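The values are calculated or read from the model by the stated rules, or taken from the named source; none is laboratory data. Note that the structure is predicted; figures quoted are calculated from it, not measured. Ideal geometry is used to build each Cβ from the backbone, glycine not excepted, and the neighbour counts take in all protein chains shown. Please note that ligands, DNA and RNA were not included when accessible areas were found on the heavy atoms of the full protein model with its side chains. Shrake-Rupley method; radii C 1.70, N 1.55, O 1.52, S 1.80 Å.
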Amino acid sequence: MKKTNQYWDATAEALSRPELEALQLARMQSTLQQVSLSSLYQKKYSEAGISPASVTSLDDIRRLPFTTKQDLREHYPYGLLCVSKDQLVRLHVSSGTTGQAIAVLYTRADLEGWADLLARSMYMTGARPGDTFQNLAGYGLFTGGLGFQYGAERLGLLAIPSGSGNSKRQIQLMRDFSTSIIHIIPSYALRLMDVMIELSVDPKRELQLQIGYLGAEPYSEEVRRRVEEFYGIRVFNSYGLSEMNGPGVAFECSYQSGMHIWEDAYFVEIIDPDTLDPVPEGVFGELVLSTLNREGMPIIRYRTRDITRILPGECPCGRAHKRLDRIQGRTDDMFIIKGVNIFPMQVEQVLMNIPEIGNNYVIHLERRNNIDDMIVRVEVTDKIFVEDMRHLHRLQKKITRDLRGELQITPCVELVEPNALPRSEGKATRLIDRRHL
Ligand code: AMP
Ligand code: ZN
């Protein structure tokens, strides 16, 4: 593997568009041979009357049926398996909050490939041997723990598997081992910020942090800005999902302008979730992904339910791998109230732009006398709460006005004291819909 200053793996990262597409077709064709060994795809392709050999161009892929989360649930635990069980060395289970779990099975080669993708991603942002990398993500069935751990070790970072929670010890580890890079879920980054404020720790003065990888849940540019300013770091967006290994599917480069999706490993499409037709570059739709070099459990045309778009144009870093825009939310996150479609992220964008608002909020949807209400509970910052009622009232009015401007409906805004709302150290629950209870 050639290592230049710019690339961790030039053989993949420096490919031109035509080279990348030729590689994708070859890998897609062998993946299609491989998936035919699984009971799910045998059934799917015989029902659709398609033989894998009929795919002779990248466009032909669009004729293949989609794979859904429901397929993965119904074929739990081994229905997608394409190798003998004795070749498997790891199992992860998706952290999905509803319904039956889905299992992801890895061979040794799958784990190697995954670790390489993460090593490549981190290297791209400037991580180098000599850096201390603290991984504040949950270890265990969640892929953000072990995924980053193996990637960081592959790259040669000193990797601390500190897991999520126990914030005081996290800060101590950061101090003792001069942590320069962290991986952390956005809501925990906000929570840790509050803990540091409580303990009067100024990370810019007292810690050596330089880089943060934030992902695993949607967050806004406003949250990125808050985290960058408070910790004095550069934040890179990191995207992945268990079905596609976990993190390392798409990652921001040093230009922080969209996440390069590693197209030597994943085939990417964006579709209209209603018509299922492809949408043009630059238009938002549902992300559909296929694995291109996985042997244990390859997946073809997986509907991720994540809403994003391909950013048009070339990245100044020179990589031809396409860039995904920030994930706006999931098709199943979107809620409809008073006829308006809303993503929780739109609410967050408004809130996090207001300096008097703290780092935590939650949206409640309720139905009273057949009328839907949207209640937005927000924590104010420490400084505000001691001040007088008139000020609070003005702030409440401003938030309501700003939200109405963005959403076209008028929510009910409730201000609460700092630390009054429930905290999570894993993925945050931002929306509680009680309308159908
Ligand atoms: P899981 O497989 O349970 O870890 O969850 C994967 C899901 O987390 C994805 O399908 C996205 O909905 C969400 N996710 C992961 N990374 C990001 C990110 N950088 N921005 C927004 N959502 C993300
Ligand atoms: Zn780039």
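Odds and ends about this structure:
- Odd one out for residue 268, checked against (1) of a type outside the set (Ser, Thr, Tyr); (2) within 15 Å of residue 323 (Cβ to Cβ); (3) open to solvent by less than 10 Å² (accessible area, probe 1.4 Å); (4) within 16 Å of ligand 2 (Cβ to nearest atom): (3)
- When restricted to residues that are open to solvent by less than 10 Å² (accessible area, probe 1.4 Å) and more than 27 Å from residue 119 (Cβ to Cβ), segment 147-170 contains 0.
- In segment 274-285, the count of residues that are within 16 Å of ligand 2 (Cβ to nearest atom) and under 25 Å from residue 75 (Cα atoms) is zero.
- Test: residue in segment 277-291 that is more than 14 Å from ligand 1 (Cβ to nearest atom), open to solvent by less than 40 Å² (accessible area, probe 1.4 Å) and outside any strand (DSSP E or B): yes
- Residue in segment 70-85 that is open to solvent by 30 Å² or more (accessible area, probe 1.4 Å), of a type in the set (Gly, Ala, Ser) and more than 30 Å from residue 18 (Cβ to Cβ) present: yes
Yes/no matrix, rows are residues, columns are (1) among the aliphatic types (A, V, I, L, M); (2) touching a helix residue (DSSP H, G or I) at 6+ places or on another chain (Cβ under 9 Å):
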{"residue": "125", "(1), (2)": "no, no"}
{"residue": "128", "(1), (2)": "no, yes"}
{"residue": "140", "(1), (2)": "no, yes"}
{"residue": "158", "(1), (2)": "yes, yes"}
{"residue": "182", "(1), (2)": "yes, yes"}
{"residue": "211", "(1), (2)": "yes, yes"}
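- Residue match in segment 367-388 (condition: open to solvent by 10 Å² or more (accessible area, probe 1.4 Å), touching a Ser or Thr at 6+ places or on another chain (Cβ under 8 Å) and not small (Gly, Ala, Ser)): no
- Of everything in segment 249-265 that is among the aromatic types (Phe, Trp, Tyr) and within 11 Å of ligand 2 (Cβ to nearest atom), the residue that is farthest from the chain's Cα centre (by Cα) is 255.
Condition check ((1) under 20 Å from the mean Cα position of the chain (by Cα); (2) within 16 Å of ligand 2 (Cβ to nearest atom); (3) farther than 29 Å from residue 318 by Cα) across all residues:
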{"residue": "141", "(1), (2), (3)": "yes, no, yes"}
{"residue": "157", "(1), (2), (3)": "no, no, no"}
{"residue": "169", "(1), (2), (3)": "no, no, yes"}
{"residue": "195", "(1), (2), (3)": "no, no, yes"}
{"residue": "205", "(1), (2), (3)": "no, no, yes"}
{"residue": "212", "(1), (2), (3)": "yes, no, no"}
{"residue": "225", "(1), (2), (3)": "yes, no, no"}
